[in-house]
Amino acid sequence: MNRYPFWKYAIIVIALLIGSIYTLPNFFGEAPAVQVSAGKSSVKVDAAVQARVEQALKEANLTPEVLTLDNGSLKVRFDNTDNQLKAKDAIQHALVPDANDASYVVALNLLARSPAWLSALNASPMYLGLDLRGGVHFMLQVDMPAALTKKAESLAGDIRTGLREKNVRHSGISRNGQTIEVRFRDMATLEAAQRVIQDQFVDLQTTSAADGADFKLSATINPVAARRVQEQAIKQNITTLHNRINELGVAEPVIQQQGTDRIVVQLPGVQDTAKAKDILGRTATLEIRMVDDSAEARSAEIGSGPVPFGTERFLERSGQAVIVKKQVILTGENLTDAQPGFDSQSQEAAVHLTLDAKGARIFKDVTRESVGKRMAILLFEKGKGEVVTAPVIRSEIGGGRVQISGRMSTVEANDTALLLRAGSLAAPMEIIEERTIGPSLGAENIAKGFDSVTWGFVAVTAFMCVYYMLFGVFSSVALAVNLLLLVAVLSMLQATLTLPGMAAMALVLGMAIDANVLINERVREELRNGASPQSAIHAGYDRAWATILDSNVTTLIAGLALLAFGSGPVRGFAVVHCLGILTSMFSAVFFSRGLVNVWYGRQKKLQSVSIGTVWRA
Amino acid sequence: MEFFKIRKDIPFMKNAVVFNAISFVTFLAAVFFLFSRGLHLSVEFTGGTLMEVSYSQPADLNAVRNQIAKIGLTDVQVQNFGTARDVMIRMPAVKGQSSAQQSEQVLTALKEADATAQLRRTEFVGPQVGDELAADGLKALAFVVIGIMIYLAMRFEWKFAVAAIIANLHDVVIILGFFAFFQWEFSLPVLAAVLAVLGYSVNESVVIFDRIRENFRRYRKMNTVEIIDNAITSTISRTIITHGCTQLMVLSMLLFGGATLHYFALALTIGICFGIYSSVFVAAAIAMWLGIRREDLIKNPTKVAGDPDDENSGAVV
């Protein structure tokens, strides 16, 4: 009666095997490594880069343990930190000759020391949270009202142009917060304007009202468009943050959107928070100036003459020098958007810029006067300017929509648009949460968590073995299997393990033993009531199951609530808690029953079971 | 080995009024302290900056306080954290000054006085996050309470659901009362512990209710009080051993987990102790007073698996 069919044993063996394989990487520890990843969207880390790195290492007389290329990043593992640092310098020297223009990010990292066959199975160690490995965590809040206000401002300009084109006379357009207000003398013009706005501006919704003797038309950004503006703003800010963080040389930065208006940035291993914050909060500025095409400037460009008075010399991204006038025509503030795209006629790659009303007016005047001349778009970061692009003006450009095209690949167009957007964050951001954990504290936290789990485990198993004898041993083995499976699942999912997560691990082990206590007590009770050993075991497991299920479901409800509403440390706790409850159902009931079946199941004439004292009333 | 050789059912319910009076008094005391003293909320909830600084020598807290006062920061709390060499500094958020500036200012001042001062960790939380965390915590609590009540109402009956939730919410209030009375720091991990305790002690009540249901089926001649007494007596051994095992784990966290896990483990310890008390003495008594009857649990005998007289049917412990 206490036998499992073959397939049940097979499931147990397979589960144990998979569990062991995925738990294994956690025992190998980590080795120092150098990681190379792309610093710009236009460069790729590929076999060619790998060859260059190998060459550089050979020249420096360094032999890496492992060199792998995956997911666009190259990881080179070394046996000690000394070689790691030397290798970093060598690679840096070979790949990034100019530190100010880094195409590649060369960073120090730690890599699992697990053997290749484990990595081939995608088995990697648990992903440690910042509180266990040290690093910086920021949560930034994007100021969405500011993004919407900016959008409203540019729409107000567009409405002004639109109404002028259709000859609708208004007596003033103003922006009040995120609402655009247009005044009219009579109702008929208001209705005409309303039609224009409804036709041309799908993003706006309008309401009209009498305002004293005047008529007022209020236009607000409709919810769908507002959501789109917010999504774009947050995406743009994330892109900008990516670019800036690349400069820090962090191996595995995490930049994630959280909710609708927040960005979480985690930089493992970074200790210099001041620098990190400086870089995150930095604003690059964009300037549009005219290029000096005079003969003196030409000679200055090729380096054979002095830079003329009133001009400055900047380098293009290709390294080509450009002499630009000091007078600034427009700044990034007037630029509302920059998108890569294609020229509608020639199908060439192009970048489309959108200017706000003020910018459009100035731009129109300037372009009218300077057809055939060149203008330069400069990006200033850290006080250093760079020419993003310097196109020739072909004709007068009105309406605030500018297209830059010619001699550009699609990738370059993407890159340029990104740089132009990076010139200003779409909306201001504010750090609303910040955590820094030193590396020594991280290591201590691991040790503390590990000790808690170990000693708790030892104490519980010792008690179980003494109190329930052989059944206690079975329970203890089941508990160990629970721990094994839990670690395996965490490693497989690459869920982030934090200190509260380790606490949850200890707690879940303490709770999981409940199932075995229920079973063992029930078996004892059956024996006490005079049941035969085999039927007592059978009844014990069968009848305890409903209770175990009930109690686990209630605990799981609490765990899910924490998962749904928790943030930060609470979520780390909840993930492990929930997973632990699920694995405990398998190990405490299904697996321990398997053990008992193997041990006792075949003995037809079983006289007694080793489950501690069974007293008789 | 066997700790529990109980030959006769213990008359728990005879003294139900006394047990509940004790519970009620503890509960009132907890509520009183919650209101009079309030919770000592961590930076996560209040917003502000927290710094952990370690020295090579045991730190002089007064000197640290003076140095911080010198740079013009007020309302700053300085205390030891874990060991005598580690100092924890909590500062409220100051308008017009970023947390980075604040923490750097403080660290420079401390380093001037003692060059061995080393920053181990900083934490800054803006006020808007704090409010949200408090709101999310309450939402989570509501979710747990409602979820568990629905589940119990489905598995048993509404009277059991109400009894279990009252008994276990009273545990939660008592834990909070302890934190208010001793002014222990109430942080996010403590909140997680409190909610975990809620789920954990409800399952204690579930085990007893399961047995009550089984007894109703099995012993048709017993009255409700006898049935409850029998159910509690026959599960008491499992209750104590399970909680003892969980407590061993928690104790290990208390001893080895360091300062970060200290209050977390403490909340669990209180939760486990009162969890036993409330499940055994309070939940069953409330269910009794709500008037549970045999007919509530065995509504339609044909639908219950097997024969209600068959002592092998249904869930038992």
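No value in this document is a laboratory result; all are computed from the given coordinates. As the structure is a computational prediction, the values presented were derived from the model and not from experiment. No Cβ is skipped: glycine too gets one built from the backbone with ideal geometry, and neighbour counts run over all protein chains shown.
Overview of values
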{"item": "Rg and Dmax of the protein assembly as shown, Cα atoms only, in Å", "result": "34.9, 115"}
{"item": "Globularity index of the range B:30-82, i.e. its alpha-carbon radius of gyration over 2.2 N^0.38 Å", "result": "1.45"}
{"item": "DSSP H segments from chain A that extend 27 Å or more along their own axis, Cα-based, with Kyte-Doolittle mean of 1.0 or above", "result": "A:439-493"}
{"item": "Percent of Cα pairs exceeding the 18 Å cut-off, where the set is the range A:30-113", "result": "33 percent"}
{"item": "Alpha carbon convex hull of the range A:145-225, volume per residue in cubic angstrom", "result": "77 Å³"}
{"item": "Exceeding the 25 Å Cα-Cα cut-off - candidates A:151/A:358; A:8/B:5; A:151/A:275; A:326/A:384; B:8/B:221", "result": "A:8/B:5; A:151/A:275"}
{"item": "Which of B:54, A:124 has the fewest Cβ neighbours within 10 Å, and the rest in rising order", "result": "A:124, B:54"}
{"item": "Per-residue [θ]222 nm for chain A (sum of -39500 (n - 2.57) over DSSP H runs n ≥ 4, rounded to 500)", "result": "-16500 deg cm²/dmol"}
{"item": "Debye intensity ratio in log₁₀ form over the Cα atoms of the range A:173-218, taken at each q of 0.29, 0.31 Å⁻¹", "result": "-1.15, -1.24"}
{"item": "18 Å tail of the calculated P(r), the range A:547-617, as % of Cα pairs", "result": "59 percent"}
{"item": "Sparsely packed GluC sites (Glu not before Pro) within the range B:1-97, loop by DSSP, other Cβ within 10 Å at most 14", "result": "B:2"}
{"item": "Size of electric dipole in the range B:48-125: Cβ of Lys, Arg +1 and of Asp, Glu -1, about Cα centre, debye, nearest 20", "result": "80 debye"}
{"item": "Cα pair count fraction exceeding 15 Å, expressed as % - the range A:297-387", "result": "70 percent"}
{"item": "Base-10 log of normalised Debye intensity for the range A:324-479 (one unit scatterer per alpha-carbon) at q = 0.14, 0.20 Å⁻¹", "result": "-0.79, -1.27"}
{"item": "Trypsin sites (Lys or Arg not before Pro) within the range A:528-617, DSSP loop, no more than 10 other Cβ atoms inside 10 Å", "result": "A:602, A:604, A:605, A:616"}
{"item": "Kyte-Doolittle mean at least 1.6, axial Cα span of 15 Å or more - DSSP H helices of chain B", "result": "B:16-36, B:158-182"}
{"item": "Built amide H within the under 5 Å cut-off of residue A:30, gap 5+", "result": "A:113"}
{"item": "Length-normalised contact order of the range A:290-401 in % [C-alpha pairs under 8 Å, at least 6 apart]", "result": "25 percent"}
{"item": "Cα gyration tensor shape of the range B:48-125, rounded if a/c is under 1.5, else prolate or oblate by comparing a/b with b/c", "result": "prolate"}
{"item": "Whole-angstrom gap from the range B:163-228 to the range A:163-214, using each part's C-alpha centre", "result": "64 Å"}
{"item": "Dimensionless Rg/Rh of the range B:1-57 - Kirkwood Rh, Rg from C-alpha atoms", "result": "1.35"}
{"item": "Ordering of B:66-74, A:546-554 by burial proxy (mean other Cβ atoms within 10 Å per residue, highest first)", "result": "A:546-554, B:66-74"}
{"item": "11 Å beta-carbon shell around residue A:440, net charge (K/R +1, D/E -1)", "result": "+1"}
{"item": "The range B:22-155 shape via C-alpha gyration tensor axes, a/c threshold 1.5", "result": "prolate"}
{"item": "Cα-only radius of gyration and Dmax that characterise the range A:502-594, units Å", "result": "15.5, 53"}
{"item": "For residue B:191, net neighbour charge (Lys/Arg +1, Asp/Glu -1) across residues whose Cβ lies under 11 Å away", "result": "-2"}
{"item": "Hull shadow area, averaged, chain B [alpha-carbon convex hull, nm²]", "result": "19.8 nm²"}
{"item": "Anisotropy class of the range B:229-285 from Cα gyration tensor, a/c 1.5 cut", "result": "oblate"}
{"item": "Peptides A:53-64, B:123-134, B:237-248, A:303-314 ordered by average Cβ neighbours within 10 Å, highest first", "result": "B:237-248, B:123-134, A:53-64, A:303-314"}
